[in-house]
1. First check a/c for the stretch 92-169, with a ≥ b ≥ c the square roots of the eigenvalues of its C-alpha gyration tensor; if it is under 1.5, answer rounded, and if not, answer prolate when a/b is larger than b/c or oblate otherwise.
2. Which shape class applies to the stretch 1-56: rounded if a/c is under 1.5, otherwise prolate when a/b exceeds b/c and oblate if not, where a ≥ b ≥ c are the square roots of the Cα gyration tensor eigenvalues?
3. Which one, 37, 94, 76, has the greatest fluctuation when you compute a Gaussian network model over the chain with C-alpha springs under 10 angstrom?
4. Please give the helix 26-47 orientation as an angle from the longest Cα principal axis of the chain, in degrees from 0 to 90, rounded to the nearest 10.
5. Any chance you could give the angle, 0 to 90 degrees and rounded to 10, that helix 53-66 forms with the longest Cα principal axis of the chain?
6. Hey, could you pull the Cα Rg and Dmax for the stretch 80-132, both in Å?
7. With the Cα gyration tensor of the stretch 37-79 giving a ≥ b ≥ c as the square roots of its eigenvalues, does the rule (a/c under 1.5 for rounded; else a/b larger than b/c for prolate; else oblate) give rounded, prolate or oblate?
8. As a test of the formula, what do you get for the chain when each DSSP H run with n ≥ 4 contributes -39,500 (n - 2.57) and the sum is divided by the residue count, at 222 nm and rounded to the nearest 500 deg cm²/dmol?
């Protein structure tokens, strides 16, 4: 099977089920951003001692659902609970936040902050899309919690690597 099909050379792509749409449509933009988020998650996964590949799989599930697949989303609710548990566990070891902090720190923590920012963009895009078509509400909840997890993980990595957080202002 060839990687190129030439069917998108005119700026049109296929959704699940075969419907053809412009590549600049809002829906395509959202799942394109999910792909970007998934790529950043892959970079983080390559560097962490504990895998986050289940999140990458969840992101593919979310993208499939948005593109029209009748994907079951039941696995996302328990993942949200798992993320909350991970956040709570890491948060117990972190100094209490009393100010905003600048994103950054170690190289890995900085990459995680970039990933969090991409996640927030995807969340905003999904919310905007939900005003035009049905978007399963668990998707927005999942993305919101994922960005919380990434924020906490970046802080946790900085603490583990003895990198001081920069308080703003």
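1. Note, shape of the stretch 92-169 comes out prolate.
2. Since a/c reaches 1.5 and a/b is larger than b/c, the shape of the stretch 1-56 is classed as prolate.
3. Among 37, 94, 76, the largest GNM mean-square fluctuation belongs to 94.
4. Value to nearest ten degrees: 40.
5. Once rounded, one gets 40 degrees.
6. So, for the stretch 80-132, Rg and Dmax equal 14.2, 42 Å respectively.
7. oblate
8. So the calculated ellipticity at 222 nm is -20500 deg cm²/dmol.
Read-outs: derived from the displayed coordinates by stated rules, not from any lab. Predicted, not measured: the structure shown is a model, and the values here were computed from it.
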